[in-house]
Amino acid sequence: MSNSKAIKSALISVFSKEGLDPIIQQLHALGVTLYSTGGTQSYIEKMGIPVTAVESITGFPSILDGRVKTLHPAVFGGLLARREEGHLAQLAEYNIPEIDCAIVDLYPFEATVAAGGAEADIIEKIDIGGVSLIRAAAKNWRDVVVVASMEEYGLFNDLITTQNGELTDENRREFARRAFKATSNYDTAIFNWFNEGSLEEVFKHSIHHGEILRYGENPHQNGVFFGHFDQVFDKLNGKAISYNNLVDIDAAVQLMREFQVSKPCFAILKHTNACGVAQRGTVLEAWHAALACDTTSAFGGIFITNTTVDLATAQEINKLFYEVLIAPDFAPDALELLKKKEPRVLLKIKNFGVQKRSFRSLLNGVVEQDADLKMETAADLKTVTKRAPSPAENEALLFATKCCKHLKSNAIALVKDSQLIGMGCGQPNRVDALGQAIAKAKSFGFDPAGAVMASDAFFPFPDCVEIAHDAGIVAVVQPGGSIKDQLSVDACDERGMAMVVTGVRHFRH
């Protein structure tokens with residue numbers, strides 16, 4: 001057994017006393033001097049076991065409602081001193097006792113957050129002294145053993161029992177490793193609360209039970225989903241969700257979030273891009289209008305609506321092959337019909353909430369950013385041309401902005417009568433994206449004349465305005481921000497077109 005050292009003294013300061021009795025009894029039986037604070041001290045005394053109050057070492061009482069108890073050189077000197085001549089001489093000079101063991105159970109910060117505690121209660125559960133004790137003891141692991149959570153009580157008690165209170169270097173180093181993991185997780189939880197939903201918060205309860213997917217983006221790639229799918233959806237039917245399904249479902253939810261409180265809306269997505277979006281007076285009419293946007297790409301797509309799917313709509317949807325259908329609810333007879341096609345995934349969405357932070361793996365790391373949750377309203381549309389859009393055009397421009405936001409850059413959306421009649425996306429330049437959108441509209445029988453156009457970025461040249469006018473497009477919405485914005489504004493004025501800017505761009509790379 002390598003470099004075994006006996007525990008002669010231990011500081012015990014815990015929030016929860018569960019599972020602590022056998023350890024206290026065994027340490028007492030081994031003749032270990034016990035130091036403690038507050039509630040833990042009272043608990044040990046009630047067991048009839050001698051314990052020394054930390055205040056008797058520090059000469060200072062617990063103050064600030066218990067916020068400051070152990071934060072004192074007399075405590076941390078005993079934990080951090082190396083058991084060598086120079087450090088031991090200083091302990092003797094200042095009458096500081098050696099502390100060979102620290103047993104700490106941190107304030108329940110995560111449990112308080114999960115229980116919906118008030119902000120003041122949550123703040124008070126940020127442990128300061130406990131984390132400091134753990135770090136000090138773990139840093140000095142060659143001479144001190146640290147027990148940083150209730151999860152380690154069993155192992156610690158077994159070792160001091162079987163090894164007569166002597167722990168090896170390997171034992172102490174392992175406890176130190178576990179201690180730094182505990183403080184790291186604790187600090188991450190606190191950061192996540194302040195940060196309102198970062199990467200660690202997304203994973204903290206699911207990292208140990210990720211769902212294995214059939215495969216990743218392609219069959220030769222493995223895939224795992226870390227998350228809580230059932231918090232967002234009730235899965236009513238269908239095969240296992242795949243990696244690509246998840247990516248498309250996420251895109252569908254983000255798009256429909258823009259329309260969740262509007263009149264009936266249907267959207268059809270393929271490879272995360274919206275290829276059909278329409279609002280109508282009924283869900284059936286919305287379905288037909290969305291499908292008409294692109295009857296080809298709808299095959300094998302992801303369908304989503306903001307309202308209940310009734311039987312008539314289900315009968316029409318059932319004529320087409322699709323991967324996933326998402327709705328807030330399904331009429332009983334509609335659900336009965338749709339479930340007959342067993343592989344088709346039916347999801348009842350519980351809410352349209354999305355994460356406030358987004359993440360992406362790049363190179364040898366991960367980038368994190370605020371999610372793009374900005375939703376333009378009429379107040380965000382600033383007219384920059386001589387002609388202002390009509391109320392109907394303004395409504396269409398807002399609709400187009402919502403659609404364009406959910407297309408890959410470079411992106412153009414053409415909208416007419418609350419319907420996405422053409423879209424261009426993922427192109428290396430905006431002229432190509434506009435040409436694609438116009439060609440797509442015409443290929444499905446739509447006349448761009450009278451339509452409005454949305455772009456996900458500014459127009460540094462007037463070429464897109466000229467092309468749009470030639471196609472009959474009457475109004476344009478773009479973020480603005482180019483030093484040559486005026487060229488496009490002038491081009492609109494010359495052609496009697498309206499242009500509005502939002503001041504916000506929505507790139508999707």
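The values are calculated or read from the model by the stated rules, or taken from the named source; none is laboratory data. All figures in this text were calculated on a predicted structure; none of them were measured in a lab. FYI the Cβ positions are ideal-geometry reconstructions off the backbone, even for glycines, and counts take in every protein chain you see.
Which one of Gly445, Gly481, Gly450 is surrounded by fewer than 23 Cβ atoms within 10 Å (Cβ to Cβ), assigned to a loop (DSSP other than H, G, I, E, B), in contact with a helix residue (DSSP H, G or I) (Cβ under 9 Å, 6 or more places away or on another chain) and not assigned by TED's automatic domain parsing to the domain that holds Gln254?
Testing whether each residue is surrounded by fewer than 23 Cβ atoms within 10 Å (Cβ to Cβ), assigned to a loop (DSSP other than H, G, I, E, B), in contact with a helix residue (DSSP H, G or I) (Cβ under 9 Å, 6 or more places away or on another chain) and not assigned by TED's automatic domain parsing to the domain that holds Gln254 leaves just Gly445.
Kindly evaluate Ala81 against the criterion of being under 12 Å from Ala137 (Cα atoms), within 38 Å of the chain's Cα centre (by Cα) and aliphatic (A, V, I, L, M).
no
Name the pairs whose Cβ atoms lie under 6 Å apart, with the first residue in segment 38-56 and touching a residue at least 24 places away in the same chain (Cβ under 8 Å), the second assigned to a loop (DSSP other than H, G, I, E, B), and 6 or more positions between them or separate chains?
Tyr43/Lys17; Ile44/Val51; Val54/Thr37; Val54/Thr70
I'd like the full set of residues that are assigned to a loop (DSSP other than H, G, I, E, B) and β-branched (Val, Ile, Thr), limited to segment 287-310.
Thr295, Thr296, Thr307, Thr308, listed by residue number.
Return the residues of segment 246-281 that are surrounded by 20 or more Cβ atoms within 10 Å (Cβ to Cβ) and within 17 Å of Leu346 (Cβ to Cβ); say none if nothing qualifies.
Once the filter is applied, which keeps residues that are surrounded by 20 or more Cβ atoms within 10 Å (Cβ to Cβ) and within 17 Å of Leu346 (Cβ to Cβ), segment 246-281 yields Asp248, Ile249, Ala252, Val253, Met256, Phe266, Ala267, Ile268, Leu269.
Please specify each residue of segment 25-42 satisfying the condition of being assigned to a helix (DSSP H, G or I) and either closer than 21 Å to Gly165 by Cβ or in contact with a strand residue (DSSP E or B) (Cβ under 7 Å, 6 or more places away or on another chain) (or both).
If the condition is that a residue be assigned to a helix (DSSP H, G or I) and either closer than 21 Å to Gly165 by Cβ or in contact with a strand residue (DSSP E or B) (Cβ under 7 Å, 6 or more places away or on another chain) (or both), then Gln25, Gln26, Leu27, His28, Ala29, Thr40, Gln41 are the ones that fit.
Would you be able to tell me the number of residues in segment 67-83 that are assigned to a loop (DSSP other than H, G, I, E, B) and either closer than 13 Å to Arg135 by Cβ or modelled with pLDDT of 85 or more (or both)?
5
Go through segment 403-433 and count every residue that is crowded, with 24+ Cβ neighbours inside 10 Å, among the charged types (D, E, K, R) and touching a residue at least 60 places away in the same chain (Cβ under 8 Å).
Residues that pass the stated criteria total 1.
Every residue in segment 460-478 that is crowded, with 21+ Cβ neighbours inside 10 Å and among the aromatic types (Phe, Trp, Tyr), please.
The answer is none; no residue qualifies.
Only one residue in Asp121, Asp105 is in contact with a helix residue (DSSP H, G or I) (Cβ under 7 Å, 6 or more places away or on another chain), over 26 Å from Val32 (Cα atoms) and at pLDDT below 90, so which one is that?
Asp121
Kindly indicate which of Glu45, Glu18, Glu93 is out of contact with any Leu (no Cβ under 8 Å at 6 or more places or on another chain), modelled with pLDDT of 90 or more and of a type outside the set (Phe, Trp, Tyr).
Residue meeting the stated conditions: Glu45.
Name the residue, out of Thr58, Thr52, that is polar (S, T, N, Q) and either in contact with a Ser or Thr (Cβ under 6 Å, 6 or more places away or on another chain) or surrounded by 17 or more Cβ atoms within 10 Å (Cβ to Cβ) (or both).
After applying the criteria, what remains is Thr58.
State yes or no: is Gly422 out of contact with any Gly (no Cβ under 7 Å at 6 or more places or on another chain), of a type outside the set (D, E, K, R), farther than 17 Å from Arg508 by Cβ and not in a helix (DSSP H, G or I)?
Spelling it out, Gly422 is indeed out of contact with any Gly (no Cβ under 7 Å at 6 or more places or on another chain), of a type outside the set (D, E, K, R), farther than 17 Å from Arg508 by Cβ and not in a helix (DSSP H, G or I).
Sort out which residues of segment 236-245 are surrounded by 14 or more Cβ atoms within 10 Å (Cβ to Cβ) and either over 20 Å from the mean Cα position of the chain (by Cα) or in a loop (DSSP other than H, G, I, E, B) (or both), and write them in order of number.
Across segment 236-245, the qualifying residues are Leu236, Asn237, Gly238, Ile241, Ser242.
Quick one: how many residues across segment 201-235 are at pLDDT 80 or above and not small (Gly, Ala, Ser)?
19
Step by step: first the residues of segment 133-146, then only those that are in contact (Cβ under 8 Å) with a residue 60 or more places away in the chain and buried (at least 17 other Cβ atoms within 10 Å of the Cβ), then the one that is farthest from Tyr186 (Cα to Cα). Which residue is that?
So the residue we want is Asp143.
Right, Ala371: closer than 26 Å to Thr272 by Cα, surrounded by 15 or more Cβ atoms within 10 Å (Cβ to Cβ) and either in contact with a helix residue (DSSP H, G or I) (Cβ under 6 Å, 6 or more places away or on another chain) or among the aliphatic types (A, V, I, L, M) (or both) or not?
No; evaluated as a whole, the condition is false for this residue.
Restricting to segment 390-441, name every residue that is within 28 Å of the chain's Cα centre (by Cα) and hydroxyl-bearing (Ser, Thr, Tyr).
Result: Thr401, Ser409.
Just to be sure I understand the filter: pairs with C-beta atoms under 7 Å, separated by 6 or more residues or on different chains, first member in segment 385-399 and in contact (Cβ under 8 Å) with a residue 12 or more places away in the chain and buried (at least 16 other Cβ atoms within 10 Å of the Cβ), second member assigned to a helix (DSSP H, G or I) and not charged (D, E, K, R). Which pairs pass?
That search, which allows pairs on different chains as well, returns Thr385/Val489; Thr385/Cys492; Pro389/Leu397; Asn394/Ala378; Leu398/Ala378.
In segment 86-123, what count of residues is obtained for those that are over 26 Å from Arg173 (Cβ atoms) and either without any contact (Cβ under 8 Å) to a residue 40 or more places away in the chain or β-branched (Val, Ile, Thr) (or both)?
So the answer is 18.
Can you name every residue in segment 88-132 that is surrounded by fewer than 16 Cβ atoms within 10 Å (Cβ to Cβ), not in a loop (DSSP other than H, G, I, E, B) and not charged (D, E, K, R)?
Passing the criteria: Leu88, Ala89, Gln90, Ala92, Ala111, Ala114, Ala120, Ile123.
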